[in-house]
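Just below is one structure, and these are the notes that go with it.
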Amino acid sequence: MQFSQPVLLKSDQRGVSLAELLLVIVAVVFLVLLLGSIPGSVNLIGRSRQQSVAREIIAREIENKRSVTYINLTPGETQINDSRLGFLPGGEGKTIISDCDPLESPAICPNGESIKQITVIVSWKTAGKDTAVKVQTLISEGGLN
Amino acid sequence: MENMKEKGQIILILLLVMTVALGVGLTIVQRSLTDISTSTKVEQSSRAFSAAEAGIEKALQGDISSVNFPDAGSSASINPPVFLPELNQALEYPPVGKEEIAHFWLADPGSAANPPAAYYTQNSIDIYWGTPNLSVSDQAAIEVNVVHYGMSGYLTKKYFFDPDDLRNDQNGFTQITCPNYTISTSFGPNRSFSCKATLDLSGIGTLMVARVRLLYTGVSQSVALQPLGGCGSSCSLPRQAKVYTSIGTSGETQRTIQLFTLDKVVPFYFDYAIFSAGPIEK
């Protein structure tokens with residue numbers, strides 16, 4: 001009678017298990033997605049800085065207009081001359097001063113008050129797209145300035 | 001018998017790398033979202049502020065209808081102006097700086113007569129000033145110049161008060177203590193001031209104006225004039241100030257501007273001018 005002898009097994013198998021493979025695939029996909037979103041995020045940070053610069057240019061321009069006497073606020077369009085426009089790619093700025101029009105709807109000055117409307121626009125190009133920030137306010141004769 | 005001698009740390013290393021990359025990536029993404037959110041809100045705030053200013057400009061022209069800027073995405077609503085002070089109410093001035101003068105009417109500023117008709121006729125009046133709990137070096141002395149009209153024409157009487165003992169020795173001002181006071185004023189209840197003095201107005205002519213200047217301080221501090229008596233208009237300050245409120249809105253952001261105005265204020269150099277019936281020769 002022969003009995004089966006215990007077999008000495010040496011586990012000398014090389015290779016990658018299925019679980020490890022799946023884990024690596026998940027990790028690689030995850031890293032690719034994460035790294036792919038980083039450039040977009042960095043662009044957003046740049047865009048927010050550009051918005052801040054545009055906003056500061058506009059605020060200064062409005063204060064400059066408020067310091068001018070009312071009679072010297074000539075209706076029309078003028079270009080903004082601010083060195084910070086250089087921080088905006090293709091940056092441009094303009095100020096539009098318009099007399100109050102009682103016939104305009106909705107009327108800013110229905111009773112013909114001495115008020116002028118100031119519109120300040122700063123525009124620039126971001127990734128080939130045109131971006132602009134626009135702020136409007138009023139300046140009256142004998143008002144805040 | 002199985003001899004399993006499996007060695008390796010690749011999974012641990014992989015997990016470590018993933019964790020670090022996740023941390024870095026999430027930080028960058030979060031920073032960018034926060035930045036863009038903040039800059040958008042600040043931009044809206046700027047638009048709302050400009051709209052609120054536009055509302056104030058319209059209100060100063062007598063028009064309190066709302067303002068709309070559809071192109072800029074902003075608008076402003078304007079509250080009807082509030083006339084101050086009320087009967088027997090203390091009139092508080094916004095913080096007065098070193099070179100500024102707070103001007104209070106004691107006669108009726110709307111009077112067409114010359115001199116203006118009398119309004120406040122009591123023999124004394126309280127003046128409050130100073131921000132509580134300031135350092136000694138920032139506590140202000142006060143100069144009050146009361147202009148009155150009598151038989152000789154327009155005259156002035158000046159009052160000087162100083163809470164600082166050391167300065168009193170040199171400037172000769174009336175010494176007072178400043179234990180802090182809380183009163184109701186035109187700006188609302190529970191308004192706090194550090195000092196108070198009572199001006200004796202007896203024996204002088206028809207009261208016209210009181211002009212108040214803070215001395216020895218570089219910190220802007222509030223000033224209030226409290227009429228005494230509680231008897232009606234002759235115990236009250238005339239209505240002389242208007243407060244305009246404009247609320248600008250852009251997106252989810254609101255900015256509110258309040259403007260305190262006084263009509264018919266004497267120019268600041270009034271207190272430094274020399275008036276003479278004849279030519280002045282040097």
Leaving out ligands and nucleic acids, and using a 1.4 Å probe, what accessible area per residue does the range A:18-140 come to in Å²?
56
Given 0.36 nm per residue, what is the gain on full extension from A:Val16 to A:Ser83 after removing their alpha carbon distance, in nm?
18.0 nm
I'd like the accessible area for B:Thr261: 1.4 Å probe, protein heavy atoms, all chains in place, Å² to the nearest 10.
30
Farthest positive-ward along the protein assembly as shown dipole, Cα basis, beta-carbon charges - from B:Ile142, B:Pro95, B:Pro279:
B:Pro95
Stokes-Einstein, Kirkwood over Cα pairs, the protein assembly as shown, 20 °C, 1.002 mPa s; D in µm²/s equals 77
Ranked from the most accessible area to the least, with a 1.4 Å probe and all protein chains present, what is the order of B:Phe83, A:Phe87?
A:Phe87, B:Phe83
Mind checking which of B:Thr245, B:Ile127, B:Val67 is farthest towards the positive end of chain B's charge dipole, using Cβ charges of +1 (Lys, Arg) and -1 (Asp, Glu) about the Cα centre?
B:Val67
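Sum -39500 (n - 2.57) across every DSSP H segment of at least 4 residues in chain B, then divide by the residue count to get the 222 nm mean residue ellipticity, nearest 500. Numbers along the way, then the final one.
Details: 2 runs with 58 residues, N = 282.
One gets -7500 deg cm²/dmol as the mean residue ellipticity at 222 nm.
With an 8 Å Cα cut-off and a minimum separation of 6 or more residues, compute the relative contact order for the range B:86-239 in percent. The partial results should precede the final answer.
Working: 373 pairs, mean separation 71.4, N = 154.
Relative contact order, the range B:86-239: 46 percent.
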What list of ³J(HN,Hα) values in whole Hz, one per residue of the range A:69-79 in order, does the Karplus curve 6.51 cos²θ - 1.76 cosθ + 1.60 (θ = phi - 60°) give from phi, with Gly and Pro shown as x?
5, 4, 5, 8, 7, 7, x, x, 10, 10, 7
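Using only atoms on other chains, find how many Cβ atoms lie within 10 Å of each Cβ of peptide B:13-26 and report the average.
Values: counts 0, 5, 2, 0, 2, 7, 0, 0, 5, 3, 0, 3, 9, 2.
For peptide B:13-26, the averaged partner shielding equals 3.
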For chain A, state what percent of all Cα-Cα pairs lands in each successive 5 Å bin, counting from 0 Å until the bin that includes the largest distance.
2, 8, 12, 12, 10, 8, 7, 6, 4, 4, 4, 3, 3, 3, 3, 2, 2, 2, 2, 1, 1, 1, 1, 0, 0
Can you give me the angle between helix A:18-66 and the longest principal axis of chain A, using Cα atoms only, in degrees from 0 to 90, rounded to the nearest 10?
10
Relative to the first principal axis of the alpha-carbon coordinates of chain B, what is the inclination of helix B:10-60, with its axis defined by its Cα atoms, in degrees from 0 to 90 and to the nearest 10?
30
What ranking of A:Ile139, A:Ile25, B:Ile36, B:Ile10 comes out by heavy-atom accessible area, probe 1.4 Å, highest first?
B:Ile10, A:Ile25, B:Ile36, A:Ile139
Peptide B:63-76, shielding by other chains (average Cβ, 10 Å cutoff):
4
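Please state, as a whole number in µm²/s, the translational diffusion coefficient that the Stokes-Einstein equation yields for the range A:60-145 at 25 °C and 0.890 mPa s, with Rh defined as the Kirkwood radius across alpha carbon pairs. Intermediate results must be reported in sequence, preceding the final value.
On the way: Rh = 14.1 Å.
Using the Kirkwood radius from Cα pairs, D works out to 174 µm²/s.
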Accessible area buried at the A-B interface, both sides summed, 1.4 Å probe (Å², nearest 100):
3600
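Compare B:Tyr149, B:Tyr269 by solvent-accessible area with a 1.4 Å probe and give them largest first, with all protein chains kept in place.
Numbers: B:Tyr149 75, B:Tyr269 130 Å².
In descending accessible area the options line up as B:Tyr269, B:Tyr149.
Once you charge only the Cβ atoms, +1 for Lys and Arg and -1 for Asp and Glu, what is the size of the charge dipole of chain B about its Cα centre, to the nearest 20 debye? Let's see the in-between values first.
Working: 19 positive and 25 negative charges, 31 e Å.
In total the dipole reaches around 140 debye.
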In nm, spacing of pseudo-spin labels at A:Val68 and B:Asp71 (7 Å Cα→C-beta vector)
1.6
What accessible area per residue comes out for the range B:1-100, rounded to a whole number of Å², with a 1.4 Å probe?
57
Paired Rg and Dmax values of chain B, which use every Cα atom, in angstrom
29.9, 128
Rounded accessible area of A:Lys65 (nearest 10 Å², 1.4 Å probe)
40
With point charges of +1 on the Cβ of Lys and Arg and -1 on the Cβ of Asp and Glu, referenced to the Cα centre of the range B:107-252, which listed residue (B:Ile204, B:Phe193, B:Val223) lies farthest in the positive direction of the dipole?
B:Ile204
Mind computing the radius of gyration and Dmax over the alpha-carbon atoms of the range B:56-159? Å is fine for both.
19.7, 62
Sites removed, the longest contiguous part of chain B containing no DSSP-loop GluC sites (Glu not before Pro) with at most 11 other Cβ within 10 Å is B:100-251
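Report in % the part of the accessible area of the range B:86-239 that belongs to carbon and sulfur, leaving out ligands and nucleic acids; probe 1.4 Å. Don't skip to the answer; put the middle values down first.
Details: 3330 of 6970 Å².
Result for the range B:86-239: 48 percent of the exposed heavy-atom area is carbon or sulfur.
The values are calculated or read from the model by the stated rules, or taken from the named source; none is laboratory data. Note that this is a predicted model, so its numbers are computed, not measured. Here Cβ is always computed from backbone atoms with ideal geometry, including for glycine, and neighbour counts include all displayed protein chains. Heavy atoms of the whole protein, side chains included, go into the accessibility calculation; ligands, DNA and RNA do not. Shrake-Rupley method; radii C 1.70, N 1.55, O 1.52, S 1.80 Å.
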